[in-house]
Structure formats: C-alpha cells, structure tokens
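The values are calculated or read from the model by the stated rules, or taken from the named source; none is laboratory data. Please read all numbers here as calculations on a predicted model, not as lab measurements. When we count neighbours, we look across all protein chains shown, and the Cβ atoms used for this are built from the backbone with ideal geometry, even at glycine. What goes into the accessible areas is simple: the full protein's heavy atoms, side chains included, and nothing from ligands, DNA or RNA. Shrake-Rupley method; radii C 1.70, N 1.55, O 1.52, S 1.80 Å.
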Amino acid sequence: MEKVVALTKRRGFIYPSSEIYGGLSGFYDYGPYGVALKRAIRDLWWRHMVDLRDDVVGLESTLIMPSDVWAASGHLTNFVDPLRQCLGKCKKRWRADHVTGNTCPECGGELTEPRMFNLMFKTHVGPLEDEASEVYLRPETAQGMFVDFKNVINSSRVRVPFGIAQQGRAFRNEITPGNFVFRVREFELMEMEYFVRPNQDDEAFEYWRKERMRWFTEVLGVKPGHLRFYDHPQASLSHYSKQTTDIEYEFPFGWGELEGIADRTDFDLVVHQERSKQDLTYLDPETNERYLPWVIEPAVSVERIFITLLIDAYDEDVVNNEPRTLLRFHPNVAPVQVAVVPLSKKPELTGPAQNVIQALRGHFRVEYDQTGGNIGRRYRRQDEIGTPFCVTVDFETLNDQAVTIRHRDSTEQERVKIAELSSRLEALVG
Ligand code: ATP
C-alpha cells in the first residue's frame with residue numbers, strides 16, 4: 001500500500017487536498033494521470049450501464065437537497081455510525097464497530113460509551129441560519145432517482161423493468177477516513193436504480209450481482225482471484241434493504257467492500273409518496289395495474305475502483321537485470337494508452353513523431369514523450385504510469401515508414417508500418 005501511495009504522488013495521480021495548508025483529512029485532489037484514470041472509470045461505467053443497454057436512462061440531480069428528502073428516506077435518523085472517543089492521551093475518535101474492547105487502539109486510554117453520529121454534512125440555503133433553511137449535501141445519489149421517478153416516467157418512454165443511472169459527488173462526514181482513498185469524505189458515486197414489478201426482485205438481484213462482477217473482471221481487468229461476493233446477514237442490512245451483496249476486493253488491509261448491490265424493495269418510493277403526498281405509482285401498460293416498483297441498486301464509488309485498480313495493477317519485476325516498477329493496467333483504464341517516443345530530439349525524428357501522434361489523438365489516450373533521458377528511462381516512466389504501448393520513432397523510420405510498438409508487460413517489440421499503426425493499436429487496445 002505504501003508503495004502504491006508513493007507512486008501515485010510521485011507520478012501525479014493524486015495529492016492531499018489543499019496540501020500547502022496542511023491538507024484536510026479525508027479529502028483528495030487528482031492530478032493529470034489521476035483525472036485520466038477517473039474519467040476512464042466513469043466512462044466505462046456509463047458505457048456499460050447506460051449506452052450499451054436499452055433499459056437504462058440517465059439522470060443528474062442536485063448535490064444539495066432539502067431536509068424533507070432525508071427525513072423521508074430515513075437518513076436523518078438512520079444514517080449514523082456509532083462513535084467512541086478516547087478519554088486517554090490521544091483523544092482520538094473511533095467508529096465503535098471498528099474497535100474491539102473498551103481501550104483505545106492508539107494509546108490504550110479508556111473509550112467512552114458509543115453515541116450515534118450522523119454522517120451527513122448540513123448547511124443552509126439563504127441568509128438565515130435557522131431550521132427552516134437547513135439542507136444537506138447528499139450522502140448518496142439514489143434519492144435523486146426516487147424523487148425524480150415521476151418526472152422520468154412521465155417524460156420518457158421507459159417501461160418496467162428499467163433503470164435510472166446517475167454519477168456524481170456524494171459527501172459523508174466519516175468518523176475515520178483512511179486507507180488512502182478507500183474511505184474519504186467527498187467522493188463520486190455511480191449508482192443505478194433498477195425498477196421491477198413488486199416481488200419480482202430476486203431475479204433482477206441475481207442478474208445484477210453477476211453482471212457487476214463480470215464488469216470488474218472483463219471490462220476493468222481486475223484479477224478474479226482478488227474478488228469475492230459477501231452476502232450480508234439479516235442483522236447488518238441497511239434500514240431499506242431486504243438483501244445486500246457486496247463485491248469485495250482483497251486489499252492490503254484485508255477484504256473490503258468495493259461495490260454494494262442492494263435490494264431496496266419499494267421502501268424509498270413508499271416513504272416519498274407518503275411524505276410528499278404525491279402519487280408516485282406507475283401504471284403498467286401490460287397488466288393495467290398501478291403499483292410502486294421495487295428496486296435493485298448497484299452502487300460503487302469511483303474512488304474505491306481507483307484504489308482497487310492501482311493495487312491490482314501494481315507490480316515489480318526485473319528486466320535486463322534491472323528492477324522495474326509497473327502498473328499492469330488493462331488498456332481500457334490506462335490513463336495513457338499509447339505513448340509516442342521519438343528516439344532523439346532531432347527534428348528529422350520529432351517531425352514524423354508529431355505526425356504519428358496527431359493521427360492517434362482522439363482515438364486513444366495518448367502522450368508525447370520527448371523529454372531528455374535515454375529511451376530506456378522513458379519506457380520505465382511509462383511502465384510506472386501503466387502505459388500498455390509505446391510507439392517509438394527511430395532513424396530507420398525515415399527509410400521504412402515503420403515504427404516500433406513496445407509492449408509494457410512483455411517488453412517485446414514489433415515493427416509496424418505507420419499506415420497500419422492505427423488499426424494494429426485498435427486491435428491491441430480493444
Ligand atoms: P461502510 O459501512 O463501509 O461505511 P456503507 O455500507 O455505508 O459503507 P454504502 O452506502 O453501501 O457504504 O456505499 C455504496 C458504495 O459507495 C460502496 O460500495 C463504496 O464503493 C462507496 N463508498 C461508500 N462510502 C465511501 C467513502 N467514504 N469513500 C469512498 N467510497 C465510499
């Protein structure tokens with residue numbers, strides 16, 4: 001984990017938020033390669049959850065929502081974690097379910113009895129800071145889909161079963177943020193509410209469990225041996241859930257939740273219908289029945305996938321008797337898919353190299369690397385950021401109109417005509 005954290009800082013994937021002022025615990029900024037990786041994750045999620053399907057539509061709802069939403073959804077009373085504080089030297093706060101016994105894991109001091117702590121960030125709309133102006137930063141995007149449910153069914157052609165998907169920021173005032181970006185206070189959720197006929201939830205639940213696991217292994221290239229399902233026992237279910245399965249990843253700090261797939265029943269639509277006094281029922285054109293659909297929800301954050309991909313891809317090996325560090329990213333997620341590296345800075349090579357990169361730009365995530373240092377050093381740098389393919393323009397290129405593709409994982413090289421480079425890379429990147 002420490003090696004991965006050091007690499008991500010060194011190579012500009014991630015920085016502590018407001019670092020020059022000492023940082024803010026549980027908040028991170030993303031640098032150039034981090035942004036590229038996050039965008040790839042987001043795009044692949046949207047592509048497979050929305051674009052490639054005919055039964056899911058998109059939504060963007062606001063980050064700030066009124067108290068009524070959170071009162072109805074149960075978050076005001078139930079979105080709490082048990083907090084215990086150390087009465088000894090360190091005064092640290094702990095989540096009660098993360099400590100055993102009555103002594104502080106840090107300094108051995110006595111711990112207070114647990115008290116419930118609500119994880120939502122509260123703020124006010126308008127100039128008056130009274131109860132009437134209280135609003136909350138959303139701790140999940142899901143409530144947007146429920147609150148807008150009627151709007152979506154009235155304004156689009158969706159028919160049950162169908163889904164509404166959303167990506168966007170969520171905020172949780174976590175008691176103990178940590179393990180790098182595994183648990184942060186501001187993150188980006190990707191959630192999809194899949195609406196089915198009442199009591200027809202089991203089949204959809206099974207489908208989404210499998211489909212989401214397939215996405216991680218086949219599309220993102222996560223090693224199947226590091227993933228498993230964890231079915232929640234009845235006692236640990238959230239207040240809205242009938243059944244929940246987590247897809248867990250084996251992190252260096254143990255197995256942890258990567259994604260949750262929850263069977264939310266009709267809980268949310270029922271409570272919003274009650275509180276808003278609006279009719280949220282759906283008229284099924286096939287059966288002519290009116291009902292509140294049930295909901296299956298896969299939910300995952302970009303940050304949990306980000307840390308999973310980095311840990312899963314990190315590797316060290318020895319090439320030509322020299323140790324190297326590399327990220328074995330799947331080409332789908334690599335921040336840079338193709339780096340173009342002219343062998344020398346001489347204009348007779350940089351000219352053709354620029355032409356090569358121009359032809360690839362827009363089709364692949366590309367980078368041009370002409371910076372000093374021999375070619376070997378530039379390959380190592382690309383290995384460290386996980387670039388699967390480097391295209392080298394050398395003096396031979398001027399004669400044979402061909403370039404070399406160097407493969408990150410095997411370090412093998414192949415010679416390809418410039419005219420065929422794009423289609424060859426397409427086949428490699430997929
Ligand atoms: P925990 O019990 O670990 O606090 P939770 O069960 O409340 O988590 P969910 O509400 O199921 O978490 O969250 C859905 C998904 O959102 C998780 O699977 C994870 O991918 C992501 N997630 C939740 N909390 C955080 C966080 N603090 N930082 C980053 N990602 C998060």
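Taken over the stretch 122-164, the criterion of being open to solvent by less than 10 Å² (accessible area, probe 1.4 Å), among the β-branched types (Val, Ile, Thr) and either within 16 Å of the ligand (Cβ to nearest atom) or in a helix (DSSP H, G or I) (or both) is satisfied by THR141 alone.
Residue-wise test of (1) within 16 Å of the ligand (Cβ to nearest atom); (2) in contact with a Gly (Cβ under 8 Å, 6 or more places away or on another chain); (3) over 24 Å from PHE180 (Cβ atoms); (4) at pLDDT below 95.
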site	(1), (2), (3), (4)
VAL35	no, no, no, no
ASP43	no, no, no, no
ARG47	no, no, yes, no
ASP51	no, no, yes, no
ASP55	no, yes, yes, no
GLU60	no, yes, yes, no
ILE64	no, no, yes, no
THR77	yes, no, yes, yes
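Taking the criterion of being modelled with pLDDT of 95 or more and closer than 30 Å to PRO252 by Cβ, would at least one residue in the stretch 349-371 satisfy it? The answer is yes, given that some residue of the stretch 349-371 is modelled with pLDDT of 95 or more and closer than 30 Å to PRO252 by Cβ.
Here ALA71 clears all of (1) at pLDDT below 95; (2) among the aliphatic types (A, V, I, L, M); (3) within 16 Å of THR141 (Cα to Cα) except the condition numbered (1).
Restricting the stretch 165-180 to residues that are within 10 Å of the ligand (Cβ to nearest atom) and not in a loop (DSSP other than H, G, I, E, B) leaves a set whose member that is least open to solvent (accessible area, probe 1.4 Å) is ALA170. Any idea which residue in the stretch 244-271 is nearest to the chain's Cα centre (by Cα), counting only those that are more than 13 Å from the ligand (Cβ to nearest atom) and open to solvent by 10 Å² or more (accessible area, probe 1.4 Å)? By that ranking, first place goes to GLU250. Checking each residue in the stretch 27-36 for being of a type in the set (A, V, I, L, M) and under 23 Å from ARG172 (Cα atoms) picks out only VAL35.
For the stretch 206-215, the candidate set comprises residues that are closer than 16 Å to TRP46 by Cβ and not hydrophobic (A, V, I, L, M, F, W, C); within that set, the residue that is least open to solvent (accessible area, probe 1.4 Å) is ARG212. Taking the criterion of being out of contact with any Lys or Arg (no Cβ under 8 Å at 6 or more places or on another chain), within 21 Å of LYS38 (Cβ to Cβ) and surrounded by 13 or more Cβ atoms within 10 Å (Cβ to Cβ), would at least one residue in the stretch 185-205 satisfy it? Checked the stretch 185-205: at least one residue is out of contact with any Lys or Arg (no Cβ under 8 Å at 6 or more places or on another chain), within 21 Å of LYS38 (Cβ to Cβ) and surrounded by 13 or more Cβ atoms within 10 Å (Cβ to Cβ).
Find all pairs meeting these conditions: Cβ atoms under 9 angstrom apart; at least six residues apart or on different chains; first residue within the stretch 241-261 and touching a residue at least 60 places away in the same chain (Cβ under 8 Å); second residue part of a loop (DSSP other than H, G, I, E, B) and near the ligand (Cβ under 8 Å from one of its atoms). Qualifying pairs under 9 Å: PHE251/PHE182; PHE253/PHE182; GLY256/PHE182. Of the strands (runs of 3 or more DSSP E) that lie entirely inside the stretch 1-114, those containing 3 or more residues that are of a type outside the set (Lys, Arg) and in contact (Cβ under 8 Å) with a residue 40 or more places away in the chain span 56-58, 64-66.
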